[in-house]
Amino acid sequence: MSSTDTIFAQSTAKGRSAIALHRISGPGCYEKISNLVKCATQNDDGTSTPGKPLELKHAASKYGFLIDENGSVVDDCVFTLFRAPNSYSGEETLEIACHGNPFIAARLHSLLRRMGCREALPGEFTQRAFLNGKIDLTRAEAIDQLIHADTTAGIELARKASTGSIGKHSRELRERLVAVMAYFEAHIDFAEDEVGSYSSEIQIAELTSIKNAVQVLFESYVSGIKIREGIKIVFLGEPNAGKSSLYNTLLGSDRAIVTDIPGTTRDVVEDRLTLNGRDFVLMDTAGVRETSDKIEKIGVDRSISSAKKADIVCFIIDPTILDEKKLAEQIEYRLENLRKPLQGLSQFTEEIVVLSKEDTWNDVLKHQIELLKVVAKSTERSLVSCSSANSDASWLKTELEKKYDLIVNYGRIGESPILISQRQQDKAKLAMETLEHAISLAHKNDFPEKIASLLLLTAQHLADLVGEIGTEDVLTSIFSNFCIGK
Ligand SMILES: Nc1nc2c(ncn2[C@@H]2O[C@H](COP(=O)(O)OP(=O)(O)OP(=O)(O)O)[C@@H](O)[C@H]2O)c(=O)[nH]1
Ligand SMILES: [Mg+2]
């Protein structure tokens, strides 16, 4: 494999289609087939046939004929030539849009092979773009995700990363590191009276601020996964609490079966929900209770295991079956029973207590619940009411959006880009740990050469994250996942 040979591939999906796009890339690639690319000449009888060679200018598309060595027409096509370095791969690239028929593609490809071109490997156009310095590794990874993402949010994340935002951020952080490094280096080479006494307080503050930024970057990867896949909400509650009704209300459809028979829902029912651009995966589950029914028992086990994996657990409680005078206690008692089988949720799981069937509350109950809401607010617990009968889940929706922002760290991420691969996160972790080590040495006023070398290493990890220089194995692992023709 050489980066100077000419490669080709069909860039659009294989099979039959109105148009298929084939790409040819390599230094001087157009020369290889230019004598087979002809103008469409209009004849007197209204037909068109191959005429003179087609003259192509950079980035301008022209219609014409592709012929083979014997002069017979392969197809009529639109040709677009991109001169180096202003192409996707950074090399001279010819795009041929012909009819989307696998037999035409096969004929075109064997013609190209005879002309000395070879079939591209997966991701090879992008790999060449990387090797030609058009993009860094984070942008290459983003391009791959842009094609494979299967949620709108996933596409949005990949698009942002494909603009090079991670590379820009990393460069800024490295510039700041280098500035601090200069201070420590000055103290290696110069006598104290030339550069002032060695005290790293200001440097520590700057290094800590850089470390925090790297940490946000590191944490952003998990946020990215959650944004892409959707935040998992699980409805948990006793039978007949109103879970399925609320599930349907949120989705705006009769998705789950609702009856007044306790134990209606058996399986976990799952759907996607989007609230103001925030993607969730919503799960309705079987009501939790002691039961001897074999099927229901399996359902209850599934409810519990789903809740354990949730980002948000909504405990749905029907307050109309409780004693108004002992409301707080009875709600707590029920919550405890529901939490018990979960064996202590992770500290990252958010909880919302939802009091259902608001349309049937009497005045005493309404009043009691108002009081409970005041207490909940002061203790920063989430307590909302809803009525599925009136299709009113507005409080719950608002609360879910708040939890979403908390979970994906919206506030903390702010303008910081979001990492999109495990490889990037691994590098961010190395950078963070190395920098922490440097800071701890700076606190001890350790030798400046030791600190400077750790800062250099941190900068190197940040450079690796962006992959301005990529090693062979890293490149192979990234580009082999790509589609052919990209
Ligand atoms: N008036 C009123 N009735 C409701 C409301 N929500 C649920 N119900 C009724 O309560 C009963 C149980 O509702 P479901 O939504 O099936 O309850 P569930 O929690 O899914 O029950 P299981 O699947 O058995 O665990 C049904 O008769 C519903 O019509 C509400 O907001 N208002
Ligand atoms: Mg149900």
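The values are calculated or read from the model by the stated rules, or taken from the named source; none is laboratory data. Just so we're clear, the structure is a prediction, and the values are computed from it rather than from any experiment. Every residue, glycine as well, gets a Cβ built from its backbone with ideal geometry; the counts of neighbours run over all protein chains shown. The accessibility values were calculated without ligands, DNA or RNA, using every heavy atom of the protein model including side chains. Shrake-Rupley method; radii C 1.70, N 1.55, O 1.52, S 1.80 Å.
For the condition away from ligand 2 (no atom under 13 Å from the Cβ) and either of a type in the set (A, V, I, L, M) or modelled with pLDDT under 95 (or both), residue 271 does not qualify.
Counting only residues that are part of a helix (DSSP H, G or I), open to solvent by 20 Å² or more (accessible area, probe 1.4 Å) and within 16 Å of residue 136 (Cα to Cα), region 445-472 holds 4 of them.
Within region 1-86, considering only strands (runs of 3 or more DSSP E) that don't extend past its boundaries, which have at least 3 residues that are hydrophobic (A, V, I, L, M, F, W, C)? Spell out how you get there, then give the answer.
Working: elements: 7-10, 17-25, 37-42, 48-53, 61-67, 73-82.
Strands (runs of 3 or more DSSP E) meeting the threshold: 7-10, 17-25, 37-42, 61-67, 73-82.
Of all residues in region 127-175, those satisfying the criterion of being over 16 Å from residue 482 (Cα atoms), in a loop (DSSP other than H, G, I, E, B) and more than 12 Å from the chain's Cα centre (by Cα) are 132, 133, 134, 163, 164. Of everything in region 413-422 that is surrounded by 15 or more Cβ atoms within 10 Å (Cβ to Cβ) and of a type outside the set (S, T, N, Q), the residue that is nearest to the chain's Cα centre (by Cα) is 420.
Please verify whether region 391-405 includes one or more residues that are surrounded by 19 or more Cβ atoms within 10 Å (Cβ to Cβ), touching a helix residue (DSSP H, G or I) at 6+ places or on another chain (Cβ under 7 Å) and closer than 21 Å to residue 185 by Cα. Checked against the condition, which is being surrounded by 19 or more Cβ atoms within 10 Å (Cβ to Cβ), touching a helix residue (DSSP H, G or I) at 6+ places or on another chain (Cβ under 7 Å) and closer than 21 Å to residue 185 by Cα, region 391-405 yields no hits at all. Given the options 159, 118, 113, 107, name the one that is open to solvent by 10 Å² or more (accessible area, probe 1.4 Å) and outside the structural domain of residue 17 (by TED's automatic domain parsing). Step by step, each of 159, 118, 113, 107 is checked, and only 159 is open to solvent by 10 Å² or more (accessible area, probe 1.4 Å) and outside the structural domain of residue 17 (by TED's automatic domain parsing).
Within region 223-243, the set of residues being of a type in the set (A, V, I, L, M, F, W, C) and either within 10 Å of ligand 2 (Cβ to nearest atom) or open to solvent by less than 40 Å² (accessible area, probe 1.4 Å) (or both) comprises 227, 231, 233, 234, 235, 236, 241. Any chance region 383-395 includes a residue that's part of a helix (DSSP H, G or I), more than 16 Å from ligand 2 (Cβ to nearest atom) and either among the charged types (D, E, K, R) or on the phi < 0 side of the Ramachandran plot (or both)? Within region 383-395, one or more residues are part of a helix (DSSP H, G or I), more than 16 Å from ligand 2 (Cβ to nearest atom) and either among the charged types (D, E, K, R) or on the phi < 0 side of the Ramachandran plot (or both).
For region 233-348, which fully contained strands (runs of 3 or more DSSP E) count at least 3 residues that are within 32 Å of the chain's Cα centre (by Cα), more than 14 Å from ligand 1 (Cβ to nearest atom) and not aromatic (Phe, Trp, Tyr)? Steps first, please.
Details: elements: 269-275, 278-284, 312-317.
Once the strands (runs of 3 or more DSSP E) in region 233-348 are filtered for at least 3 residues that are within 32 Å of the chain's Cα centre (by Cα), more than 14 Å from ligand 1 (Cβ to nearest atom) and not aromatic (Phe, Trp, Tyr), what remains is 269-275, 278-284.
Go over the candidates 251, 246 one by one and state the one that is within 23 Å of residue 402 (Cβ to Cβ), within 16 Å of ligand 2 (Cβ to nearest atom) and open to solvent by 40 Å² or more (accessible area, probe 1.4 Å). Result of the check over 251, 246: 251. Hey, does region 423-444 have a residue that's in a loop (DSSP other than H, G, I, E, B) and open to solvent by less than 80 Å² (accessible area, probe 1.4 Å)? No; the residues of region 423-444 include none that is in a loop (DSSP other than H, G, I, E, B) and open to solvent by less than 80 Å² (accessible area, probe 1.4 Å). The single condition among (1) in a loop (DSSP other than H, G, I, E, B); (2) in contact with a Pro (Cβ under 8 Å, 6 or more places away or on another chain) that residue 365 does not meet is (1). Of all residues in region 278-310, those that are touching a residue at least 60 places away in the same chain (Cβ under 8 Å) and either within 17 Å of residue 227 (Cβ to Cβ) or loosely packed, with under 14 Cβ neighbours inside 10 Å (or both) total 5. Listed conditions (1) under 30 Å from residue 255 (Cα atoms); (2) open to solvent by 60 Å² or more (accessible area, probe 1.4 Å); (3) of a type in the set (Val, Ile, Thr) are all met by residue 364, apart from (1).
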